[in-house]
Amino acid sequence: MRAVGLHPDVIVVTSRLMQTTCTLVRSGGEAFCIDSPVLPDELEILPAIAEQAQFAVVGLLATHADWDHLLAAYAFPEAALGMAESSTRVLRERPGAAQRALRLFDDQLYIERPRPLGIGEVQSLPTPGRCDIGESELELYETGGHTPDGMAIRVPWAGILVCGDHLSPVEIPMLCEDEGALDAYLLTLNRLEPLAERAETVVPGHGEPLDSERALAILRQDREYLQALSADGAAAPLPLARRTDAQRRIHQRNAARAAA
Ligand SMILES: [Zn+2]
């Protein structure tokens, strides 16, 4: 697991699995943990990383309700979880889905956890909206298309945008099964574009933190890919730097979903 200080108040930790990112944000003696690393040993050491840097984690945020972003409760079991209203709705409508997906994943890789994933009381946050942290506020923006729910989080005083599973240097856009997912994804890219322009650093859900220029280049590639997917389905070319077999499999699923 890699930990990088992006700003005196922001640390990004990148998991050894799927390059899932976890962002620690601090203001006025209070810190939040956004999303989570995946492996048990990474989750176990996370409190020590936070403590050593004097980030007192009192709250958790998750960019969306996919299981791989919900594991911070293993590291900070006392902290309350805040999510976009759309995400709390997903958790309510699909009770236990994240736990089942995590169990399936762990079973395949023989990963053992100290206990089942507990998601306690979740606080609903409005998007667009703001969320108090210490002496400052985080800005929240609605996202969609990858999942039916989600939010991007801007840390205005640090110039950092945490954008969930979008603008990834390692993963092509992954559409959800919902009708209109492709349009929702394109709309999300439009919404993220001015935020990425203003950002010093963009933290994608999977992959290393990006400077603004690189994030915008990925955004344009993703938009081009989705437009081609909409016009040509499976024949759409993949972004140049993301053409591995794994990405082609995601692409096949996308093509089926875009055609549905
Ligand atoms: Zn993810």
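Any read-out appearing in this document is the output of simple, stated calculations on the displayed coordinates, not a laboratory observation. It should be emphasised that the depicted structure is a prediction, and the values quoted were computed from it without experimental measurement. Neighbour counts run over all protein chains shown; Cβ positions are idealised from the backbone, glycine included.
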The extension gain from Arg249 to Ala228, computed as 0.36 nm times the residue separation minus the Cα-Cα distance, is 5.9 nm
Estimated FRET transfer efficiency (Asp41, Ala256; beta-carbon r; R0 30 Å; 0.05): 0.25
Going from the fewest other Cβ atoms within 10 Å to the most, one would list Val170, Val202 as Val170, Val202
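Most exposed first by the Cβ proxy, i.e. fewest other Cβ within 10 Å, how do Val38, Val162, Val122 rank?
In order of increasing Cβ crowding within 10 Å: Val122, Val38, Val162.
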Under 8 Å for C-alpha pairs, at least 6 residues apart: give me the relative contact order for the chain, rounded to a whole percent. 15
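For region 1-105, what is the charge dipole size about the Cα centre, in debye to the nearest 20, if Lys and Arg each add +1 at the Cβ and Asp and Glu each add -1 at the Cβ?
Working: 8 positive and 12 negative charges, 66 e Å.
With Lys and Arg at +1 and Asp and Glu at -1, about 320 debye.
Can you sort Ser168, Ser212, Ser124 so the residue with the fewest Cβ neighbours within 10 Å comes first?
On the way: Ser168 24, Ser212 17, Ser124 14.
Result, fewest neighbours first: Ser124, Ser212, Ser168.
Using helices alone, what [θ] at 222 nm do you get for the chain, with -39,500 (n - 2.57) per DSSP H run of 4 or more residues, divided over all residues and rounded to the nearest 500? Don't jump to the answer; show the numbers that get you there.
Working: 6 runs with 89 residues, N = 260.
Theoretical 222 nm ellipticity from helices: -11000 deg cm²/dmol.
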Gyration tensor verdict on region 112-260 (Cα atoms; rounded if a/c is under 1.5, prolate if a/b is larger than b/c, oblate otherwise): prolate
For the chain, the Rg and Dmax computed from alpha carbons only, in angstrom: 17.3, 52
Dipole of region 1-157, positive end: most advanced residue of Trp67, Leu109, Ala80 [Cβ charges, Cα centre]: Leu109
